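One structure below.
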Amino acid sequence: MAVVYQALHRRVSSLVCRLHSTYVRKMRYLNELKEDDSLCRQALTSGTFYLFHNLSPFLQKVGKKYLVPQLSAAGALEKSAIESELQGSFTDLRKALFVVDGKDSPLLASAQSLLRWHDSHQYCSKTGQPTQKNPAGSKRVCHASGITYYPQMSPVVIALVSDGSRCLLARQPSFPPGMYTALSGFCDMGENVEETVRREVAEEVGLEVESLRYSGSQHWPFPSSSLMIACHALVAAQRNEISIDSLELEEARWFGLEEIVEGLKREPRSSKQDDGSFLPWFPPEQAIAHHLIREWVQQQSAQTA
């Protein structure tokens with residue numbers, strides 16, 4: 001009995017600690033805000049807000065830093081009056097994510113994704129009738145059909161391909177000059193992650209993946225809320241000749257360890273050469289592609305140590 005009691009006591013104590021942890025309390029409160037309209041309205045009166053205009057967040061530049069002001073109320077000010085009074089500007093989110101503090105980036109990305117989703121789901125796809133948003137913005141309801149719509153994300157794989165000693169990075173025509181990154185693509189209906197990685201690598205660079213390893217994931221608000229699923233993909237060193245899909249890519253090539261290390265140190269402004277060409281540079285640390293590249297560098301460095 002004593003052993004049973006001690007085991008039960010440990011389980012109860014563990015449960016109590018979990019229920020009173022900061023994270024659990026926060027998650028349960030956020031879930032209540034989604035489901036309890038009156039609680040959400042109460043929170044709106046005392047909460048703080050991020051400002052957006054045409055899906056662009058408002059930023060303040062203080063010295064060399066960019067800050068996201070959290071305001072108690074936006075009032076009835078016009079856009080130009082807000083920019084003048086708060087000494088800032090509405091900034092394209094692609095730029096904003098890379099200049100603000102790390103704690104603000106996920107919130108800005110989530111907020112813009114929700115705003116974009118609400119803008120594109122104002123009508124029911126079955127009845128054509130207007131849908132109504134709940135106070136929390138966590139869903140929209142068509143009262144004519146009874147259908148409830150919830151925000152969704154599209155799964156996207158992003159894979160850093162390696163042949164064992166080099167990694168493959170590519171660029172699209174729309175990329176900033178000199179920027180290379182890992183291969184990526186949307187999951188097709190019915191595919192799992194492994195199948196998507198193998199298909200995308202075969203389609204885009206003509207290589208066959210032999211094995212892959214999951215690395216991590218990241219919410220990405222572009223083009224309209226994606227879940228980036230990051231993997232390392234290994235191809236055979238004997239069959240690593242690249243054949244790019246010119247409809248998708250402008251260029252793809254192999255990079256050695258030394259070139260990757262130098263590229264990670266480089267910023268977009270410092271990549272331009274006197275002759276107008278650009279040295280390779282890679283996505284900043286806020287992007288999961290950056291973490292894939294750093295993981296590869298760490299793995300290669302460990303092998304050669």
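Bear in mind these aren't lab numbers, they're just calculated from the coordinates by the rules spelled out. Predicted model only: the values in this text are computed from it and were never measured. Here the Cβ is made from the backbone with ideal geometry for all residues, glycine too, and neighbour counts use every protein chain on show.
Could you work out [θ]222 nm for the chain from helices alone, using -39500 (n - 2.57) per DSSP H run of at least four and dividing by all its residues? Round to the nearest 500 deg cm²/dmol. Display every interim value, and only then the final one.
Values: 9 runs with 110 residues, N = 305.
When only DSSP H runs of four or more count, the value is -11500 deg cm²/dmol.
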Exercise. Quick one: length gained pulling Ala237 to Leu115 fully straight, 0.36 nm per residue minus the C-alpha distance?
Worked result: 39.4 nm
Problem set entry | Radius 15 Å from Cβ of Val100, net charge of other residues (Lys, Arg +1; Asp, Glu -1) | +2
Exercise. Where does helix 193-205 land angle-wise versus the long Cα axis of the chain, in degrees 0 to 90, nearest 10?
Worked result: 50
Exercise. Within a Cβ distance under 14 Å of Cys142, other residues only, what is the Lys/Arg minus Asp/Glu net charge?
Worked result: +4
Seminar exercise, completed: Burial-style ranking of 119-127, 158-166, average other-beta-carbon count within 10 Å with highest first, yields 158-166, 119-127
Exercise. What is the extension gain from Gln129 to Thr48, computed as 0.36 nm multiplied by their sequence separation minus the C-alpha to C-alpha distance, in nm to one decimal?
Worked result: 25.9 nm
For this session: Multiply the residue separation of His290 and Thr22 by 0.36 nm, subtract the distance between their alpha-carbon atoms, and state the gained length in nm to one decimal.
Result: 93.5 nm
Seminar exercise, completed: In units of 2.2 N^0.38 Å, the Cα radius of gyration of the chain is 1.23
Problem set entry | Label-point gap, in nm, between Gln303 and Tyr29 - each point 7 angstrom along Cα→Cβ | 4.7
Problem set entry | Inverse mean reciprocal Cα-Cα distance (Kirkwood Rh) of region 203-305, Å | 15.8
For this session: With springs only between Cα atoms under 10 Å apart, run a GNM on the chain and tell me which of Pro155, Pro268, Pro223 wobbles the most.
Result: Pro223
For this session: Please get the size of the charge dipole for the chain, origin at its Cα centre, with Cβ charges of +1 on Lys and Arg and -1 on Asp and Glu, quoted in debye to the nearest 20.
Result: 1540
Seminar exercise, completed: The size of the Cβ-based charge dipole (Lys, Arg +1; Asp, Glu -1) of region 45-120 about the Cα centre, to the nearest 20 debye, is 280
For this session: Grab the beta carbon distance between Tyr149 and Gln60, set R0 = 45 Å, and tell me the FRET efficiency rounded to 0.05.
Result: 0.85
For this session: Have a look at Phe186, Leu114, Val24 and report the one farthest towards the positive end of the charge dipole of the chain, computed about the Cα centre with Cβ charges (Lys/Arg +1, Asp/Glu -1).
Result: Val24
Exercise. So, with +1 on the Cβ of K and R and -1 on the Cβ of D and E, and no other charges, what is the size of the charge dipole of region 134-277 about its Cα centre, to the nearest 20 debye?
Worked result: 740
Exercise. Which of rounded, prolate, oblate describes region 45-120, given a ≥ b ≥ c as roots of the alpha-carbon gyration tensor eigenvalues and a/c under 1.5 marking rounded, otherwise prolate only if a/b is larger than b/c?
Worked result: rounded
Exercise. How far is it, in nm, from the label point at Ser277 to the one at Leu71 when both lie 7 Å from their Cα along the line to the Cβ?
Worked result: 4.8
Seminar exercise, completed: When the charge dipole of region 233-305 is computed with +1 at the Cβ of Lys and Arg and -1 at the Cβ of Asp and Glu, the Cα pointing farthest to the positive end, of Gln238, Pro268, Gln286, is that of Gln286
Seminar exercise, completed: If one compares the long axis through the Cα atoms of helix 288-304 with the longest principal axis of the Cα atoms of the chain, the angle in degrees, nearest 10, works out at 40
Exercise. What does the highest-first list of 137-143, 111-117 look like by mean Cβ count within 10 Å?
Worked result: 111-117, 137-143
For this session: Treat the count of other C-beta atoms within 10 Å as a stand-in for reagent exposure and order Trp254, Trp220 from fewest to most.
Result: Trp254, Trp220
